[in-house]
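Here's the structure we're looking at; comments come further down.
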Amino acid sequence: MNFYIASKLENAKRVRQLADTLKSWGWQHTYDWTSHGLVLGKDKLQGAAAEELAGVIRAQIVIVLLPGGRGTHTEIGLALAYGIRATK
């Protein structure tokens, strides 16, 4: 199962813990946005956003860890548009 976890930066520790658990089950993380932390600068922000959106598109399931940030809403919308199962 390919998964993506949407949340806000302040939840990065919880996101990594959940991802580690799912990976121990043999699941594949489509993109770990926690690895880059806060992104500054237009070029870096655009690159990170593209990677995050590609991660959502490659996922079979999108897990939403609340509370989420502004980007979380974009990721939920993209998952719905692509017919990906979303869970919270």
> Is any helix in the chain, taking whole DSSP H runs, at least 27 angstrom long along its axis by alpha carbon and on average at least -0.5 on the Kyte-Doolittle scale, and which ones?
Replying inline: none
> For the chain, what is one quarter of the convex hull surface built on the Cα atoms, given in nm²?
Replying inline: 5.1
> Suppose every K and R has +1 on its Cβ and every D and E has -1 on its Cβ; what is the size of the dipole of the range 1-76 about the Cα centre, in Debye to the nearest 20?
Replying inline: 120
> Measuring from a point 7 Å past the Cα of A54 along Cα-to-C-beta, which residues in the range 1-17 have an amide N at less than 19 Å?
Replying inline: 2-6
> With Cβ to Cβ distances under 14 Å as the rule, what net charge do the other residues near R16 carry (K, R +1; D, E -1)?
Replying inline: +1
> Hey, what did the chain get for relative contact order, percent, Cα under 8 Å, at least 6 apart?
Replying inline: 41
> Quick one: of the DSSP bridges fully inside the chain, what percent are antiparallel, nearest 5?
Replying inline: 0
>> Sort 41-53, 67-79, 25-37, 4-16 by the packing proxy (mean of other Cβ within 10 Å over each peptide's residues), most packed first.
In response: 4-16, 67-79, 25-37, 41-53
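How high is the FRET efficiency from Q46 to E10, r the C-beta distance, R0 35 Å, rounded to 0.05?
Computed FRET efficiency for Q46 and E10: 0.95.
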> So between T74 and W25, what do we pick up on full extension, going 0.36 nm a residue minus the alpha carbon distance?
Replying inline: 14.9 nm
> Which aspartates and glutamates have a Cα less than 18 Å from the Cα of K13, not counting those fewer than 8 places away in the same chain?
Replying inline: D32, E52
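All of the numbers you see were taken from the coordinates with simple rules; none came from a lab. Nothing here was measured: the structure is a model prediction, and the numbers come from that model. In this analysis, Cβ positions are derived from the backbone assuming ideal geometry, glycine residues included, and neighbour counts consider all displayed protein chains.
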